[in-house]
């Protein structure tokens with residue numbers, strides 16, 4: 001399967017402003033690209049690229065005052081299957097975990113693990129460790145949180161979502177991550193493209209989507225607390241402790257969003273024949 005992915009984002013700045021961007025696919029996905037992935041900016045300014053401490057492909061630039069456009073259009077090859085399941089994946093004891101996983105057990109900006117100790121034990125203390133426990137957490141979050149774009153807030157934390165029971169995909173993700181961590185399962189935030197492949201058409205604007213990953217059986221596995229079924233076509237762009245580490249754009253100054261368009265569509269061939277931006 002080939003999936004055409006891209007974005008067209010326009011911001012308006014009152015003054016020159018430094019930005020960092022997470023607008024490339026994760027390095028592990030780059031081998032599947034079938035057309036060059038190119039971050040195009042207008043007006044043209046110098047762009048420096050780097051890999052951050054989480055392994056994300058990042059960019060840094062100074063946007064001039066006025067309207068500033070960022071766009072990309074590429075094709076990536078995908079297996080066409082849903083994220084695989086590993087029901088026998090082992091939950092590691094903390095002493096068995098690789099050192100780099102330990103940070104994904106700790107509280108972070110949007111995931112107040114220390115506030116959920118009793119809640120986690122009451123809800124999931126009797127579930128079987130490992131895949132079954134993560135499945136129970138995913139199902140609980142999906143069933144108990146109402147999705148709605150009107151509930152979006154960039155200050156909402158897992159604690160807020162647990163009590164409010166409303167949110168967008170990042171809120172589902174933060175709550176699931178927090179509950180996994182409190183039960184001893186390393187969990188990290190992930191974001192990227194997720195098109196409506198293999199499901200009925202969805203009548204809402206395409207957006208980047210958040211999910212979470214857990215470390216079981218010696219590897220990371222992708223889960224989605226917003227959707228009740230495992231989906232086709234996750235193309236990840238960033239992972240980190242929570243949404244702070246995975247912001248698609250971070251601006252060190254004021255701006256206004258003028259345009260935000262994202263696409264992730266199945267296409268019959270890998271050739272780019274029609275420009276979408």
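List of remarks:
- Degrees between helix 169-182 axis and first principal axis of the chain (Cα, 0 to 90, nearest 10): 40
- Candidates 36, 27, 205, ranked by Gaussian network fluctuation over the chain, Cα under 10 Å, top entry: 205
- Each 10 Å bin, from zero up to the one with the longest distance, holds this percent of the alpha carbon pairs of the chain: 6, 28, 35, 23, 7, 1.
- When you count the other C-beta atoms within 10 angstrom of each residue and take the mean per peptide, 240-248, 224-232 line up highest first as 240-248, 224-232.
- Rg over Rh [alpha-carbon atoms, Kirkwood Rh] for the stretch 82-129: 1.01
- Fraction of beta bridges assigned by DSSP in the stretch 138-262 that are antiparallel (%, nearest 5): 90
- Rounded FRET efficiency, nearest 0.05, which uses the C-beta distance separating residue 12 from residue 100 and R0 of 35 Å: 0.35
- Relative contact order for the stretch 94-244, counting Cα pairs under 8 Å that sit 6 or more residues apart, in percent: 28
- Rounded tilt (10° steps) of 131-144 against the dominant C-alpha axis of the chain: 70
- Sorted fewest first by neighbouring Cβ atoms within 10 angstrom, 21, 175, 33 come out as 33, 21, 175.
- For residue 244 and residue 67, a Förster radius of 22 Å and the Cβ-Cβ distance give a FRET efficiency of 0.25, rounded to the nearest 0.05.
- Relative contact order, percent, the chain [alpha-carbon distance under 8 Å, six or more residues apart]: 31
- Distance from the stretch 1-60 to the stretch 163-190 (C-alpha centre basis), Å: 26
- Relative protection proxy for 115-123, 100-108, 250-258, from highest mean packing down: 100-108, 115-123, 250-258 (other beta-carbon atoms within 10 angstrom).
Laboratory data are not the source of any read-out in this text; all were calculated from the coordinates shown. If you're wondering where the values come from, they're calculated on a predicted model, not measured in any experiment. Glycine also receives a Cβ, built like all others from the backbone with ideal geometry; neighbour counts cover every protein chain displayed.
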